[in-house]
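Asker: Handing you this structure, nothing more for now.
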Amino acid sequence: MYKTLHTDLTDNILTVTINRPDKLNAINKDVMSELSEAVTEIYDNKEIRSAIITGAGPKAFVAGADIAEFLGLTQEQGQALSAKGHDIFFRIASCPKPIAAAINGFALGGGLELAMACHFRLCSTNAKFGQPEVNLGLIPGYGGTQRLVQLVGKGRAIEIMLSARMVSATEAHVMGLVNYIVEEQNELLAKTRELLSIINDKAPVAVARIIECANIAAGESLADDGGAVRNGFLREQEAFGECFGTEDMKEGAKAFLEKRKAVFTGK
Ligand code: COA
């Protein structure tokens, strides 16, 4: 049914596997729109009580948005791309059914943002986390500037985003970015399913209300006018677009694809 995703519904848990292992499961347009369909399925299918998002292969959860698709985008197109990602990730965060991220390797850029939009996170010991967009002359554009601050605090979040460094599984656990580390990668999904099975036995209305109220506490709910409490998210969309108007961003994306270090000039 999907081209870039594999899905499996067993025991009321839908497992959604992003399946582009040769590109480290980078989120291109197809992945984004199929992810949107899968999220709709989670909302609508009464047989689904909870869901897991994970990546195919032993190396990556998701290594980010597909950088190859960034080349040639205008400021407006960059902002629109961010807005689309925001909508889908916001639907994940506000889903009344629990969605867990099972992080089986690199969770970078849009990959970490996807994991952070989920309600909680488990990872294997090889997982590596980061928001390396600054290396591309860019900022996180799928909610990362907001959700990383929520999860690990402003000081840690700013340092991680500005340095573009990778965070190990152990450090991610210590700072509260992940709930559990699973020693054996092949047991990650089983442990995630175990946790969701416990939740699946609880009252669905109570589960949904806990998610809703926790989102309000984190400033993630939609205001009645659709705006106010999402100000930080909206500013991130504009700022992401602004970066697309710079020479540095074009240089950053080209340098990645040409496998060389970017040279930034401030233009
Ligand atoms: N977008 C597009 N392609 C990506 C990608 C991304 N975010 N991340 C990895 N890939 C591709 C690589 O270009 C490579 O493709 P190729 O085989 O056609 O050359 C393939 O996936 C494997 O990646 P590679 O870089 O060769 O693996 P590695 O083990 O040497 O390095 C990473 C792994 C994760 C450190 C490195 O791929 C990386 O830095 N990725 C980008 C991370 C990033 O900046 N994400 C934020 C994007 S906004």
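Asker: Any residue at all in region 63-76 that's in contact with a Leu (Cβ under 6 Å, 6 or more places away or on another chain), open to solvent by less than 10 Å² (accessible area, probe 1.4 Å) and either touching a residue at least 24 places away in the same chain (Cβ under 8 Å) or not in a strand (DSSP E or B) (or both)?
Answerer: Within region 63-76 (the criterion being in contact with a Leu (Cβ under 6 Å, 6 or more places away or on another chain), open to solvent by less than 10 Å² (accessible area, probe 1.4 Å) and either touching a residue at least 24 places away in the same chain (Cβ under 8 Å) or not in a strand (DSSP E or B) (or both)), the answer is yes, since at least one residue qualifies.
Asker: Restricting to region 5-31, what's the tally of residues that are away from the ligand (no atom under 13 Å from the Cβ) and open to solvent by less than 50 Å² (accessible area, probe 1.4 Å)?
Answerer: The number of residues fulfilling the criteria is 7.
Asker: Now for a different question. Kindly indicate whether ALA107 is under 13 Å from the mean Cα position of the chain (by Cα), closer than 27 Å to PHE264 by Cβ, of a type in the set (A, V, I, L, M, F, W, C) and open to solvent by less than 10 Å² (accessible area, probe 1.4 Å). If you could, list the steps in order and put the result at the bottom.
Answerer: Details: under 13 Å from the mean Cα position of the chain (by Cα): yes; closer than 27 Å to PHE264 by Cβ: yes; of a type in the set (A, V, I, L, M, F, W, C): yes; open to solvent by less than 10 Å² (accessible area, probe 1.4 Å): yes.
Taking the combined requirement at face value, the residue satisfies it.
Asker: Checking the condition out of contact with any Cys (no Cβ under 8 Å at 6 or more places or on another chain), within 20 Å of ILE18 (Cα to Cα) and either away from the ligand (no atom under 15 Å from the Cβ) or among the aliphatic types (A, V, I, L, M) (or both), which residue from SER124, SER94 passes?
Answerer: SER124
Asker: Kindly evaluate LEU114 against the criterion of being within 28 Å of ILE198 (Cβ to Cβ) and either aromatic (Phe, Trp, Tyr) or open to solvent by less than 30 Å² (accessible area, probe 1.4 Å) (or both). Full working, then the answer.
Answerer: Values: within 28 Å of ILE198 (Cβ to Cβ): yes; either aromatic (Phe, Trp, Tyr) or open to solvent by less than 30 Å² (accessible area, probe 1.4 Å) (or both): yes.
Judged against the criteria, LEU114 is a match.
Asker: Of all residues in region 36-58, which are within 16 Å of the ligand (Cβ to nearest atom) and free of Cβ contacts under 8 Å to residues at least 60 places away in the same chain?
Answerer: GLY55, ALA56, GLY57
Asker: Still on this structure: Working only within region 11-35, note down all residues that are in contact (Cβ under 8 Å) with a residue 12 or more places away in the chain and out of contact with any helix residue (DSSP H, G or I) (no Cβ under 8 Å at 6 or more places or on another chain).
Answerer: THR17, ASN19, PRO21, LYS23, LEU24, ASP30, VAL31, GLU34
The values are calculated or read from the model by the stated rules, or taken from the named source; none is laboratory data. Nothing here was measured: the structure is a model prediction, and the numbers come from that model. So basically every Cβ, Gly included, is an ideal-geometry build from the backbone, and we count neighbours across all protein chains shown. The protein model used for the area step is the full one, side chains on, heavy atoms only, and it has no ligands, DNA or RNA in it. Shrake-Rupley method; radii C 1.70, N 1.55, O 1.52, S 1.80 Å.
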